[in-house]
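Read the figures in this text as sums done on the coordinates, not as results from a lab. Note that the structure is predicted; figures quoted are calculated from it, not measured. Here the Cβ positions follow ideal geometry from the backbone for every residue, glycine too, while neighbour counts run over all protein chains shown.
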Amino acid sequence: MFKDEISKALIDATKHINTLDVEDKGQWRRAIFYLYLLIFHRRPSAEHDELKTLVHQEVQHSNFREEGVVMAQTMAEYLFEQGQKQGLILSERRGEKKVKKGETRAKRDSLLKLLSLRFESVPEPIIKKVSGMRSHAKLDTLFEKAVTTQTLDEIDWDNI
């Protein structure tokens, strides 16, 4: 998807999010969190600031706008730190093959972080399953499921 198309999609999504009741802060948080995840995990880093700002500008409720800014900043800082620790160091020392392993590790770490943020307690068998995953496609699919489900039980762990 090109930047213009993703920008339009983010504006449209934010307009729908703006229709949520102000009292339903939890639903608003999940929806905005998902938009930021899409920006930070699916778009080139050169687009992050512009797309993040676009979402901020479209949020109509001022108290939500401030919370969104903090949420996006926290996510950006975490991803930046992970990239520095795993991607850049491995890239310099061990070449392209190790970068792939670092990306996989970063995806697993991000997924585990997301699970712990969304679902207060993550059972040890799930942590072990995620920690052993190597497939980027499976990690990406699981990441999206973790964002969109309400409970860990909604995820079919046996078929992942």
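Of 25/107; 52/113; 3/25, which ones are farther than 23 Å apart at the Cα? Where the Cα-Cα span goes over 23 Å, the pairs concerned are 25/107; 3/25. Fewest neighbouring Cβ atoms within 10 Å first, the residues 17, 126 line up as 126, 17.
Using the number of other C-beta atoms within 10 angstrom as an exposure proxy, rank 16, 48 with the fewest first. Present the calculation step by step, with values, prior to reporting the outcome.
Numbers: 16 9, 48 18.
Neighbour counts put them in this order, fewest first: 16, 48.
The 3J(HN,Hα) values that the Karplus relation (6.51, -1.76, 1.60; θ = phi - 60°) gives for the stretch 6-17 are, in residue order, 5, 4, 5, 4, 5, 4, 4, 5, 5, 4, 5, 5 Hz. Gly and Pro appear as x.
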